[in-house]
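Take a look at the structure set out below.
The values are calculated or read from the model by the stated rules, or taken from the named source; none is laboratory data. No experiment lies behind these values; they were computed from the predicted model shown. We place every Cβ from the backbone using ideal geometry, glycine too, and count neighbours over all the protein chains shown.
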Number of protein chains: 2
Amino acid sequence: MQELLDNRDMPDSDRGAAAAASGSAATASTPSFSPLYQQIKALLVQGLQAGEWLPGQSIPSEIELAARFRVSQGTVRKAIDEMATENMLVRRQGKGTFVATHAEQSTQYRFLRLMPDDGSAAPLQRHLLECRRMRAPAEVARLLGLKAGEAAVQVRRLLLAAEGRALRPVVLDDLWLPGTPFKGLTAERLQAWRGPMYRLFEAEFSVHMIRAVEKVRAVAAPAEEAGLLQVPVGSPLLSVERLSFTYGDRPVELRRGLYDTAAHHYRNELS
Amino acid sequence: MQELLDNRDMPDSDRGAAAAASGSAATASTPSFSPLYQQIKALLVQGLQAGEWLPGQSIPSEIELAARFRVSQGTVRKAIDEMATENMLVRRQGKGTFVATHAEQSTQYRFLRLMPDDGSAAPLQRHLLECRRMRAPAEVARLLGLKAGEAAVQVRRLLLAAEGRALRPVVLDDLWLPGTPFKGLTAERLQAWRGPMYRLFEAEFSVHMIRAVEKVRAVAAPAEEAGLLQVPVGSPLLSVERLSFTYGDRPVELRRGLYDTAAHHYRNELS
DNA sequence: TAGTGGTCTAGACCACATC
DNA sequence: ATGTGGTCTAGACCACTAA
């Protein structure tokens, strides 16, 4: 365990030996104030990052964590609360607090905002087109924080919706993943996997996506992509460029999707 | 002030006379448990809805609210916390808690997700094309919860970005507003207004948007719209259909935007 | 019955803004 | 100096789950 900074004048203190490190008597120049619960949160994030608790598993109870960190339960609570609202942890009353995973039905489509125009919830079929290791193109390397020419894995796949008894392609996804963490990712592995792709990344490669940023535009379908999506060349398609991040805000996936929005739409909640 | 439900066995109770209304001894069949802080929150929302505190103004201090509702400060705190994360209130340490408004620079573009591809933050110019009262079309009436044929206000406008020393149209917005709350909305009023449109709605019509849902698609530019946006007919455009809500989750605006995403993109954060 | 998270309280003290 | 929100504590009790 690590020392916690104590920002107080320590009337009762025996909380570690970090007394003079920060707070009103701090020697540092500028911010130098971090609430205890933020420090606890940082430690918990470190634990997640280090794999101390794996997705789906429960973390120690609030009381146990409070004892471990020598703080009150309420302080641990506030740290966990924030992590829960950020979807890193999931609280379950009576059972415990669990590391979030992409396995659950509820979070199945947390990152896929495409919805059928009618409310139908039919899941999309996957069809893998390609999976190969390559040197990351300059732009990809830049966005993923790789050195020029470093290894990357490229994946291309289709998502298809049931239409009557036929299947219509709706999404064409191109993914780039950093080669190092995704060493053993092969077409076979992807092909065999049943379940969300991000769940595979968690289970097999210890990469947990917790956040992403998307840039959405309207584009005209290029010839090759139009063919794959079975739409006329030049049709309007939604281009969705996604950069996904793991715990340390490290980018670990670049994805470019082309969505056919004839019978689907990209749904977004503003607040 | 209103009575609060007490879900406890009331060891100390003199908190109103609502003792038997709910809780473990409830006669109601199903949910029948609502934490105190949720009740407080509901009361505060009612206050906002009733205009007891106007956007930009401060609400009473936590201590004062705690006294008024006869609960502890911590309980009020939790209610306010939730409303703050939902962007209904804004907390300012040392100053107070304020009703959120669309006036502030920070929330200027809370609902407009369109960003220039380069980071430039040049604000968009507005150009009003139309503002007229009419009978709401069936589809509009349905979405806004109006009776068939009820009055509505339609607004059409362009947003233009500076490009060199020229202006390029980037957004074509079509809005429908319910006629009743927006009684006095005219082209002149809109024309004269400096500032965000939602700020006008707050200030002049007491309509505060707090939430919205958007459906985004790629479409081919129709002739008329292509002309207004100065793009070739059939160009891919982003179609953004937005339904905005006020306090009681009442829909009060339907907006259909066409975005030219040649030099801009729709930005979205996933978590 | 025991253990977990969820609610609520009361009180102390800190950080920030204002007078 | 005062008042506001922000942090932290300690303890009681409630709601839910599982053995």
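May I ask you to verify whether A:PHE111 is part of a loop (DSSP other than H, G, I, E, B) and either within 14 Å of chain B (Cβ to nearest Cβ) or under 19 Å from the mean Cα position of the chain (by Cα) (or both)?
yes
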Open item on the list: Testing B:LEU228 on (1) surrounded by fewer than 21 Cβ atoms within 10 Å (Cβ to Cβ); (2) under 30 Å from B:VAL45 (Cα atoms), one condition comes back false. Which one is that?
Closed with: (2)
Task: Within segment A:43-100, tally of residues that are assigned to a strand (DSSP E or B) and without any contact (Cβ under 8 Å) to a residue 24 or more places away in the chain - done: 3
Open item on the list: Which numbered condition in (1) exposed (fewer than 15 other Cβ atoms within 10 Å of the Cβ); (2) away from chain A (no Cβ under 14 Å); (3) within 16 Å of DNA strand C (Cβ to nearest atom) is the only one that B:THR97 fails?
Closed with: (1)
Open item on the list: Please determine whether any residue of segment B:69-80 is among the charged types (D, E, K, R), touching a helix residue (DSSP H, G or I) at 6+ places or on another chain (Cβ under 7 Å), within 14 Å of chain A (Cβ to nearest Cβ) and within 14 Å of DNA strand D (Cβ to nearest atom).
Closed with: yes
Task: Per-region count, segment A:191-227, residues of a type in the set (A, V, I, L, M, F, W, C) and in contact with an Asp or Glu (Cβ under 6 Å, 6 or more places away or on another chain) - done: 1
- [ ] Kindly indicate whether B:GLU82 is modelled with pLDDT of 95 or more and closer than 30 Å to B:VAL240 by Cα.
- [x] yes
